Amino acid sequence: MDYQLTEQERQFQKDVADFLQEQIAPRTAGFDQCPRGEINDRMRENLKTLANQNLLGAGINDDRLDLIQVYLAGEEIARACASTFLSARSSVYLCGGALALFGTPNQKERYIPALKSADKIGAIAYSEDAAGSDISAIGTIARRDGDAWLISGKKHIVINAPIADVFVVLAYTEPDAGAETGMSFFLVERNTPGLSVGEPLDTMGVRGVPLASLTLANCRCTEVLGGAAGNGHQQFEQLMTMGCVGITALCVGIGTACMEISTRHAKERRAFGRQIGKFQDVGFKLSDMFTYNDLGRMLGIRAACALNNHEDDAVILAACAKLFASEAVTKIVNWGMQVFAGHGYLKGSDIERLYRDARFAEICEGTSEIQRALISRHELDRFQQV
Amino acid sequence: MDFSLTPEQKIFRDTVYRYGRDEIAPLCEEADLKGEFSFEIWNKLGEMGILGLPLPEELGGGGADIVTCCLAGEALGHAGVDGGSLLAWGAHTYLCACNIHDFGTEEQKRTYIPKLASGEWIGCMGLTEPGSGSDAASMRTTATKKGDRYILNGSKTFITNAPVADVFVVFANADRSKKHEGITAFIIEKDTPGLSTGKPFHKMGCRCSSTSEVFFEDCEVPQENVLGGEGGGWLIALSGVEWDRCTLLSPMLGAALCNLDLCARYANERHQFNRPIREFQAIQRRIADMKVFIEASRLAIYRVASSKDNGTMLNPLQAAVSKVYAGDVGFEMASEAVQVFGGYGFMHEYPVERNFRDSKLAAIGGGTSDIMRMIVSRIMLMQ
C-alpha cells in the first residue's frame with residue numbers, strides 16, 4: 001500500500017503544470033471574455049498546443065485508458081483553463097475514449113491518431129432537450145435503410161459541436177427493445193448530409209467551450225461504433241463512469257487555481273495592520289479549500305485506480321469522487337469569492353471566472369442528485385430483504 | 001499509488017470484525033451506560049492480541065504494521081465496539097507502549113513492553129494540563145533535578161486510562177527557561193509516592209474509557225525512568241500526532257461504517273406511508289453522504305498510515321486533512337445517522353446514539369479541528 005504519487009508521476013504532473021501555466025493559462029481570461037465568434041479558433045489553437053506537447057490523449061493507449069494519467073493530465077489542464085479541459089476531454093476522452101474502448105480496429109485507426117494530434121476534433125452527443133439524467137427518454141432514432149441507417153433527432157447541448165469533425169451520437173436502433181439493448185452509438189462525420197449544427201450557445205461559465213445543438217434529419221450513416229448495434233446503453237454507462245474521473249479532475253483543477261489565487265491575495269491584502277490571511281476566518285477558509293481539494297484529488301485517483309484494475313466497487317468509487325469533488329469545488333470558489341470580497345466580484349477577475357466555471361461540475365454528466373441515487377441504492381441494496 | 005491490501009491484511013480485518021461483533025459488541029451498551037472502564041472488554045481485546053498489535057513479537061506484541069493497526073481499529077468500530085473502549089486501547093497501545101518502544105532504553109522496553117502488550121498492565125499518557133491544551137508547550141508541570149532523581153510537581157487532566165493505569169508516560173518541564181526544549185518525558189509506575197489520580201470524569205461520549213486528572217506532589221522519579229533523554233519530551237509529544245492522525249482515527253471510520261450498515265438495514269425494514277423509508281430521497285441522501293464520507297476519510301487515514309509504514313516523513317498537511325475531515329464531517333454524519341432512526345435514534349439502546357456521542361471526540365482530542373486549520377493555513381501562507 002502506498003497512497004503517495006510515485007516520483008515519476010510527480011515529475012509528470014510538474015512538467016505538465018509548468019508547460020500549461022506558461023502556454024495556456026495566460027490566454028484563459030481573454031477566452032472567457034472574447035467575442036463569441038472568436039471562440040472556435042481560439043479553442044482549435046489551444047487543442048493544437050496541447051497536442052504538440054503530447055498532452056492531448058495522455059493515457060489513451062490502443063484499447064484502454066490509463067485513467068491515472070488521464071486524471072493527472074486532466075487536473076493540470078483544468079487548472080490552466082477549465083474550458084480547454086472540457087473541450088479536449090470531449091474530443092479525446094469521450095469521443096476518442098469511446099473509440100478506444102468500443103471501436104473496431106479500423107475505426108480506431110482512422111480517428112484516434114487524428115484526435116490525439118488535434119488534426120480532427122471529436123464530440124459526443126447523447127443528451128436531449130427532454131432526456132438528460134434519464135437517458136432512456138431520448139427521441140433520436142436510427143432506422144435501417146439497406147446497409148445503412150437513417151438517423152433523425154435533435155441533440156440539445158453538445159460540447160465541441162461548432163468545431164467537431166466527427167460525432168459519436170447515441171440513438172435508438174430498436175426502440176421497442178428498450179434502452180438496455182435498443183440503443184447504439186453511431187460515428188457521424190460532420191459533412192454527412194442531414195447533419196446540421198445549431199447557433200453557438202452561450203453559458204454562465206466555461207465560456208470558452210464551443211457549444212451548440214446538433215440536428216440530424218434522415219442523416220445517412222453506415223457506422224455503428226464497434227460494428228454491432230444494441231450496445232449503446234452499456235457503452236454510455238461505462239463512459240459516464242469513466243467520465244466521473246474526468247469531472248473530478250476538472251473540479252480539483254479549478255479548486256487548485258482558486259486556492260492559489262486566494263492564498264496569494266490573503267498574503268498580499270492587508271487590513272487592520274496585518275495580512276488578511278492571519279485572521280482565522282480567512283486563514284481557515286484557505287485551510288478548508290486545501291482539505292476538500294486534497295480529498296477530491298485522492299478520491300479521483302482512487303476511482304481511476306479502481307477503474308484501471310476493474311475493481312468491483314469502481315462504479316461507486318467513481319460516483320463518490322464526482323459527487324464529492326463537484327460539491328467541494330462549489331464550496332471552494334465560494335470561499336475564494338469571500339477572500340477576495342469586492343475585488344473578486346468585479347467582472348473580469350479570476351475568481352469571478354472560476355466561480356462561474358465551477359458551477360458546471362455539479363450539474364453535468366450525472367447531477368449530484370443522480371450520483372446520490374446511485375450510491376445510496378448500492379448501499380441500501382446490501383440489506384434488501386427478499 | 002497502490003491502494004490494495006494484502007490477502008493477509010484482508011483476512012485479519014475480517015477476523016477482527018467477526019470477533020468484535022460476536023465477542024465484544026454485545027458488552028458495549030451496558031458498559032457505556034455505566035460509564036466505567038470495562039475489564040471484560042479489555043481482556044477480550046487482549047485475548048485477540050489487539051493490545052500489543054504494533055509491538056515487536058519478541059516483546060510479546062503482534063509485530064503488525066501501521067496499516068494493519070488501522071484495519072483493526074476500523075474493523076472493531078465497524079463491528080460495533082464502542083469508541084471509549086477503542087480510545088482506551090489507543091491511549092494504552094499507541095501513546096504509552098509505542099512511545100516506550102520507540103524512545104525507551106533496552107531496559108525500559110524489557111520492563112514495560114511485554115506486560116503492556118498482553119494488557120496485564122494498562123498504560124496511559126499525560127500531556128494535557130488544566131491550563132494547557134492546544135498550546136501544549138506552555139505546560140506548568142515541573143521536574144526538578146535532585147541528585148539522581150527528578151521531583152515532579154503539577155497536574156494533568158483529561159488523561160485517558162489514568163484511573164486504571166499501571167504505567168504512566170508523563171511530560172514535565174525540566175527547565176522552563178528552555179521552553180519546549182525543556183520538556184522531558186518520564187515513565188512512572190502507579191504506586192510511586194506523590195502520584196495520584198482524580199475521580200473519573202463523567203463524559204458525553206467514549207464513556208468506557210476512564211478519564212481523570214493526574215497529580216504530582218513532590219513525586220520522585222529515578223533518573224533511569226526518563227524516556228528519550230532530558231529535553232527529549234517535545235519530540236515524543238509530537239510523534240503522538242502521527243498516531244493520532246491514523247490509528248486513533250481508524251475507529252471513527254469504523255463507527256461510520258457501523259452507522260451506515262445500521263441505517264441501510266433500518267431504512268429497508270422501517271415502513272412509513274406504506275413503503276420502506278429507503279424510498280424517500282431524504283433518507284437516500286444521508287446514506288449516500290455517509291458512504292462518500294467513509295471513502296474520503298478512509299483515503300485520508302490510510303494515506304498517513306501507509307506513509308508511516310513506508311518511512312515517508314509525515315506530511316503535516318496530509319495529517320491535518322485526516323484529522324479535520326474525519327473529526328468534523330464524521331460528527332455531522334453521525335448526527336445524520338441519528339436522524340435516519342428518528343425517535344429511536346435518540347434512545348440509548350440504539351448504537352447510533354452512542355456513536356453520535358462518541359464521534360464528537362475526534363474533532364477535540366489530540367489537537368482540535370481549529371488547531372488543524374491553524375497548521376494548514378500557516379503553511380499555506382508561508383509558501
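The values are calculated or read from the model by the stated rules, or taken from the named source; none is laboratory data. These figures come from a predicted structure and were not determined experimentally. Cβ: placed from backbone, ideal geometry, glycine included. Neighbour counts: every protein chain shown. The area values use the complete protein model at the heavy-atom level, side chains included, leaving out ligands, DNA and RNA. Shrake-Rupley method; radii C 1.70, N 1.55, O 1.52, S 1.80 Å.
Taken together, the residues in the stretch B:5-33 that are within 16 Å of B:Pro351 (Cβ to Cβ), surrounded by fewer than 13 Cβ atoms within 10 Å (Cβ to Cβ) and touching a residue at least 40 places away in the same chain (Cβ under 8 Å) amount to 0. Taken together, the criteria exclude B:Ala320 from residues that are free of Cβ contacts under 8 Å to residues at least 40 places away in the same chain, at the interface with chain A (Cβ under 8 Å from one of its Cβ atoms) and under 22 Å from the mean Cα position of the chain (by Cα).
Looking across the stretch B:294-313, the residues that are open to solvent by 50 Å² or more (accessible area, probe 1.4 Å) and either in a helix (DSSP H, G or I) or not polar (S, T, N, Q) (or both) come down to B:Arg298, B:Lys308, B:Asp309, B:Gly311, B:Met313. Checking each residue in the stretch A:324-338 for being open to solvent by less than 10 Å² (accessible area, probe 1.4 Å) and either hydrophobic (A, V, I, L, M, F, W, C) or out of contact with any helix residue (DSSP H, G or I) (no Cβ under 9 Å at 6 or more places or on another chain) (or both) picks out A:Ala325, A:Ala328, A:Val329, A:Ile332, A:Val333.
Okay, residues lined up against (1) more than 23 Å from A:Gly296 (Cα to Cα); (2) buried (at least 23 other Cβ atoms within 10 Å of the Cβ); (3) not aliphatic (A, V, I, L, M):
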residue: A:Glu38; (1), (2), (3): yes, no, yes
residue: A:Lys48; (1), (2), (3): yes, no, yes
residue: A:Asp63; (1), (2), (3): yes, no, yes
residue: A:Asp66; (1), (2), (3): no, no, yes
residue: A:Thr84; (1), (2), (3): no, yes, yes
residue: A:Asn106; (1), (2), (3): yes, no, yes
residue: A:Ala114; (1), (2), (3): yes, no, no
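Taking helices (runs of 4 or more DSSP H) as the structural unit, those lying wholly within the stretch A:35-143 and holding at least 3 residues that are touching a strand residue (DSSP E or B) at 6+ places or on another chain (Cβ under 7 Å), of a type outside the set (Lys, Arg) and on the phi < 0 side of the Ramachandran plot correspond to A:96-102, A:105-116. Checking each residue in the stretch A:184-202 for being part of a loop (DSSP other than H, G, I, E, B), free of Cβ contacts under 8 Å to residues at least 60 places away in the same chain and farther than 20 Å from A:Glu45 by Cβ picks out A:Asn191, A:Thr192, A:Pro193, A:Gly194, A:Gly198, A:Glu199, A:Leu201.
The set of residues in the stretch B:247-292 being more than 11 Å from chain A (Cβ to nearest Cβ), among the hydrophobic types (A, V, I, L, M, F, W, C) and in contact (Cβ under 8 Å) with a residue 60 or more places away in the chain consists of B:Leu248, B:Leu249, B:Met252, B:Leu253, B:Ala255, B:Ala256, B:Cys258. Does B:Ile122 meet the test of being within 27 Å of B:Cys219 (Cβ to Cβ) and at pLDDT 95 or above? Yes, satisfied.
Listed by first and then second residue, the pairs linking a residue in the stretch A:158-171 that is open to solvent by 10 Å² or more (accessible area, probe 1.4 Å) to a residue that is assigned to a loop (DSSP other than H, G, I, E, B) and of a type in the set (D, E, K, R), with Cβ atoms under 8 Å apart and 6 or more places separating them unless they lie on different chains, are A:Asp165/A:Lys120; A:Asp165/A:Arg190. Answer yes or no as to whether A:Val188 is over 24 Å from A:Arg27 (Cα atoms) and not assigned by TED's automatic domain parsing to the domain that holds A:Ala80. Considered against the rule, which asks whether it is over 24 Å from A:Arg27 (Cα atoms) and not assigned by TED's automatic domain parsing to the domain that holds A:Ala80, A:Val188 comes out as yes. For A:Asp2, the test of being more than 21 Å from the chain's Cα centre (by Cα) and not assigned by TED's automatic domain parsing to the domain that holds A:Gly246 is passed. The residue list B:Val221, B:Val214 contains one member that is touching a helix residue (DSSP H, G or I) at 6+ places or on another chain (Cβ under 6 Å), outside any loop (DSSP other than H, G, I, E, B) and either touching a residue at least 12 places away in the same chain (Cβ under 8 Å) or within 21 Å of B:Ala97 (Cα to Cα) (or both), which is B:Val214.
Looking for something of a type in the set (Ser, Thr, Tyr) and within 14 Å of chain A (Cβ to nearest Cβ) - is there at least one such residue anywhere in the stretch B:347-362? So far as the stretch B:347-362 goes, no, none of its residues is of a type in the set (Ser, Thr, Tyr) and within 14 Å of chain A (Cβ to nearest Cβ). Checking A:Arg110, A:Arg79 one by one, the residue that is within 26 Å of A:Gln33 (Cβ to Cβ), open to solvent by 10 Å² or more (accessible area, probe 1.4 Å) and modelled with pLDDT of 95 or more is A:Arg79 and no other.
Whenever a residue of the stretch B:352-381 is assigned to a helix (DSSP H, G or I), its partners that are of a type in the set (Lys, Arg), lying with C-beta atoms within less than 8 angstrom and at least six residues away or across chains, give the pairs B:Arg357/B:Arg207; B:Ala362/B:Lys323; B:Ser369/B:Lys323; B:Met372/B:Lys323; B:Leu381/A:Lys267; B:Leu381/A:Lys278.
The sole residue among B:Ser38, B:Ser4, B:Ser85 that is more than 18 Å from the chain's Cα centre (by Cα) and of a type in the set (Gly, Ala, Ser) is B:Ser4. Of the numbered criteria (1) closer than 30 Å to B:Trp243 by Cβ; (2) at the interface with chain A (Cβ under 9 Å from one of its Cβ atoms); (3) open to solvent by 20 Å² or more (accessible area, probe 1.4 Å), the one B:Ser335 fails is (2). Would a scan of the stretch A:243-253 turn up a residue that is away from chain B (no Cβ under 13 Å), in contact (Cβ under 8 Å) with a residue 12 or more places away in the chain and assigned to a strand (DSSP E or B)? There is no residue in the stretch A:243-253 that is away from chain B (no Cβ under 13 Å), in contact (Cβ under 8 Å) with a residue 12 or more places away in the chain and assigned to a strand (DSSP E or B).
Taking the stretch B:15-54 as the range and being among the aromatic types (Phe, Trp, Tyr) and either part of a helix (DSSP H, G or I) or at pLDDT below 95 (or both) as the test, the residues that pass are B:Tyr17, B:Tyr19, B:Phe39, B:Trp42. Filtering the stretch A:271-281 to residues that are open to solvent by 10 Å² or more (accessible area, probe 1.4 Å) and either within 8 Å of chain B (Cβ to nearest Cβ) or under 18 Å from the mean Cα position of the chain (by Cα) (or both) leaves A:Gln275, A:Lys278, A:Gln280.
Set side by side, the residues A:Glu379, A:Glu365 differ, and just one is among the charged types (D, E, K, R), surrounded by 19 or more Cβ atoms within 10 Å (Cβ to Cβ) and at pLDDT below 95, which is A:Glu365.
Given the structure, is B:Gly330 assigned to a loop (DSSP other than H, G, I, E, B), of a type in the set (Gly, Ala, Ser) and more than 30 Å from A:His265 (Cα to Cα)? It is false that B:Gly330 is assigned to a loop (DSSP other than H, G, I, E, B), of a type in the set (Gly, Ala, Ser) and more than 30 Å from A:His265 (Cα to Cα).
Being open to solvent by 60 Å² or more (accessible area, probe 1.4 Å) and within 11 Å of chain A (Cβ to nearest Cβ) is the requirement here; does B:Met372 meet it? The answer is no for B:Met372. In this entry, A:Thr222 is excluded by the filter for residues that are open to solvent by 30 Å² or more (accessible area, probe 1.4 Å) and within 25 Å of A:Ser87 (Cα to Cα). Going by the conditions given, is B:Gly126 in contact with a Lys or Arg (Cβ under 9 Å, 6 or more places away or on another chain) and touching a residue at least 60 places away in the same chain (Cβ under 8 Å)? Answer is yes for this residue.
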